[in-house]
1. Relative to the Cα centre, what is the charge dipole magnitude of chain A, using +1 at the beta carbon of each Lys and Arg, -1 at the beta carbon of each Asp and Glu, and rounding to the nearest 20 debye?
2. So which trypsin sites (Lys or Arg not before Pro) in the stretch A:40-117 pass both tests, a DSSP loop state and at most 15 other Cβ atoms within 10 Å of the Cβ?
3. Please compute the modelled spin-label separation between B:Asp1 and A:Thr30, points set 7 Å along Cα→Cβ, answer in nm with one decimal.
4. Ignoring ligands, DNA and RNA, please state the percent of accessible area on chain A from carbon and sulfur, probe 1.4 Å.
5. Return the carbon/sulfur percentage of the accessible area of the stretch B:1-66, one whole number, probe 1.4 Å, all protein chains in place.
6. Using a 1.4 Å probe and counting only protein heavy atoms, how much accessible surface gets buried when B and A come together, both sides summed, in Å² to the nearest 100?
7. Mind checking the dipole of chain B: about its Cα centre, +1 per Lys or Arg Cβ, -1 per Asp or Glu Cβ, Debye to the nearest 20?
8. Pairs on different chains or at least eight residues apart, Cα atoms closer than 24 Å: how many lysine pairs in the protein assembly as shown fit?
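The values are calculated or read from the model by the stated rules, or taken from the named source; none is laboratory data. This structure is a prediction, so every number in the text was calculated from the model and none was measured. Cβ: placed from backbone, ideal geometry, glycine included. Neighbour counts: every protein chain shown. Heavy atoms of the whole protein, side chains included, go into the accessibility calculation; ligands, DNA and RNA do not. Shrake-Rupley method; radii C 1.70, N 1.55, O 1.52, S 1.80 Å.
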Amino acid sequence: QVQLMESGPGLVQPSETLSLTCTVSGFSLTSYNVHWVRQPPGKGLEWMGVMWSGGSTDYNSALKSRLSISRDTSKNQVFLKMNSLQSEDTTTYYCAREGIVGDFDYWGQGVMVTVSS
Amino acid sequence: DIQMTQSPASLSASLGETVTIECRASEDIYNGLAWYQQKPGKSPQLLIYNANSLHTGVPSRFSGSGSGTQYSLKINSLQSEDVASYFCQQYYDYPPTFGAGTKLELK
C-alpha cells in the first residue's frame, strides 16, 4: 500500500540548515509528484514545494531563497533542505503524494522540528 | 496566489446533527478543490476531491458541493469520530493553497 514517512532531526539550531527525508513505498517517484507541506502548532497548512515526477521542482515564493528539494529514485526518497532556520520555522513538516487530479491523496505522519539553541 | 477563505473558524455541534463548512476562493477554481480531515496529533487525510467526489473509504455521511468560487463540506449525522479540524485546498492553480481550517467540536 501507499506509504510516506518523514524523518529528520527534532531540534535544529537557529541559522542552521534543516534536512528532512521522505521515504515512500507503494508507488514510484517517477510516476507521482511529491509535495512538502508544513503546519505550525495549532495553525493552518502551508505548501512549501514539489518534486515533480519528471525530476524538476517548484517552490513557495516566500521560501524559495532558502529551500531545496531533491530526490533519489533508487532509494524511493525525496529530500528537503532549508537553510537559515529561525524560530518561525518551528513546525511539523509533512510530505504528501499528489493524486491523479491534483489533490494530496496520501500524507506522511509528519515530523515535528523545533528551532532553538 | 488564490486565497481560500474558510468559515467558520470553529464549530460546536451535537451528535447526530448536520454541519456545514464553507470555503470561498478569491477566483474561480473550476471545482479544483479538496477537503481534508485532521484529527489531533495526526496528519491530514483526504475526504473529498474535485469538490464533490468521495475519496476511497470515506463514509458517505461526508459530502462536498459547490462551483465557481463557493464550496461547502457537509457532514450528516455527526459522529464522535468526526471531531477534528477540516481544511479546504484549491489545486486548480499553482501554488496550491489551503483554507485556515475549521475546528469541529462536540457540544
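1. Working: 8 positive and 10 negative charges, 33 e Å.
That gives chain A a dipole magnitude of about 160 debye.
2. Working: sites: A:Lys43, A:Lys64, A:Arg66, A:Arg71, A:Lys75, A:Lys81, A:Arg97; in loops: A:Lys43, A:Lys64, A:Arg66.
Sites meeting the loop and neighbour criteria: A:Lys43, A:Lys64.
3. 3.3
4. Details: 2400 of 5250 Å².
Exposed carbon and sulfur together represent 46 percent of the surface.
5. On the way: 1440 of 3220 Å².
About 45 percent, which is the carbon plus sulfur part of the accessible surface.
6. Numbers: alone 5660 and 5960 Å², together 10150 Å².
Roughly 1500 Å².
7. Working: 7 positive and 9 negative charges, 68 e Å.
For this selection, approximately 320 debye.
8. The number of close lysine pairs in the protein assembly as shown is 17.
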